[in-house]
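Enquirer: Handing you a structure now.
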Amino acid sequence: QVQLVESGGGLVQAGGSLRLSCAASGRTFSNYAMGWFRQAPGKEREFVAAISWSGSNTYYADSVKGRFTISRDNAKNTVCLQMISLKPEDTAVYYCAATLSTNWGSKYEYAYWGQGTQVTVSS
């Protein structure tokens, strides 16, 4: 089991920034690739970003590339998502998730999920 707890969400104006954090506990965190997903009301949960177990490889959805940065600290069992130049369409509940798969873009490949944190971007 891996337990994941997100934090750092909130209300921000368009063009602003937020930093989301995800704290992990349980099984060896560094074994897992980590991903961030988001889900807006009435929409499917979609991939945002992922990072390899070592942190050396990252992958982003086209919609956030250049604006969001994923990072991890295996010594602290945390993964972060730095978000800049936020847009109203970024409004969603953001989830972190853990996977042993290499298919990072698929939500079905993630075995463990946090409870989510709300990000609201006002125009």
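Enquirer: Quick check on Ser25: is it under 26 Å from Gln1 (Cα atoms), polar (S, T, N, Q), at pLDDT below 95 and part of a helix (DSSP H, G or I)? Step through it out loud before you land on a result.
Expert: On the way: under 26 Å from Gln1 (Cα atoms): yes; polar (S, T, N, Q): yes; at pLDDT below 95: yes; part of a helix (DSSP H, G or I): no.
Considered against the rule, which asks whether it is under 26 Å from Gln1 (Cα atoms), polar (S, T, N, Q), at pLDDT below 95 and part of a helix (DSSP H, G or I), Ser25 comes out as no.
Enquirer: Report the residue count in segment 28-40 for those that are in a strand (DSSP E or B) and out of contact with any helix residue (DSSP H, G or I) (no Cβ under 7 Å at 6 or more places or on another chain). Walk me through it before giving the result.
Expert: Filtering segment 28-40 down to residues in a strand (DSSP E or B) leaves 33-39.
From what is left, the residues that are out of contact with any helix residue (DSSP H, G or I) (no Cβ under 7 Å at 6 or more places or on another chain) are 33-36, 38-39.
Summing the residues that are in a strand (DSSP E or B) and out of contact with any helix residue (DSSP H, G or I) (no Cβ under 7 Å at 6 or more places or on another chain) in segment 28-40 gives 6.
Enquirer: Considering only residues of segment 1-17 that are open to solvent by 30 Å² or more (accessible area, probe 1.4 Å) and assigned to a strand (DSSP E or B), which is farthest from Ser123 (Cα to Cα)? Walk me through how you get there before you give the answer.
Expert: Pass one, segment 1-17, residues open to solvent by 30 Å² or more (accessible area, probe 1.4 Å): 1, 3, 5, 7-9, 11, 13-15, 17.
Those still in the list that are assigned to a strand (DSSP E or B) too: 3, 5, 7, 11, 13.
Numbers: Gln3: 34, Val5: 28, Ser7: 23, Leu11: 11, Gln13: 6 Å.
The selected residue is Gln3.
Enquirer: Which of the strands (runs of 3 or more DSSP E) found entirely inside segment 41-123 contain at least 3 residues meeting this: hydrophobic (A, V, I, L, M, F, W, C), within 19 Å of Gly8 (Cβ to Cβ) and in contact with a strand residue (DSSP E or B) (Cβ under 7 Å, 6 or more places away or on another chain)?
Expert: Correct list: 46-51, 78-83, 92-99.
Enquirer: So, Arg72, is that one surrounded by fewer than 18 Cβ atoms within 10 Å (Cβ to Cβ), among the basic types (Lys, Arg) and modelled with pLDDT of 95 or more or not?
Expert: Working: surrounded by fewer than 18 Cβ atoms within 10 Å (Cβ to Cβ): no; among the basic types (Lys, Arg): yes; modelled with pLDDT of 95 or more: yes.
No: the conditions fail for Arg72.
The values are calculated or read from the model by the stated rules, or taken from the named source; none is laboratory data. Computed from a prediction, not measured in an experiment: that's the story for all the values here. Heads up, the Cβs are rebuilt from the backbone with ideal geometry, glycines too, and the neighbour counts pull from every protein chain shown. Keep in mind that these areas ignore ligands, DNA and RNA; they rest on the heavy atoms of the full protein, side chains included. Shrake-Rupley method; radii C 1.70, N 1.55, O 1.52, S 1.80 Å.
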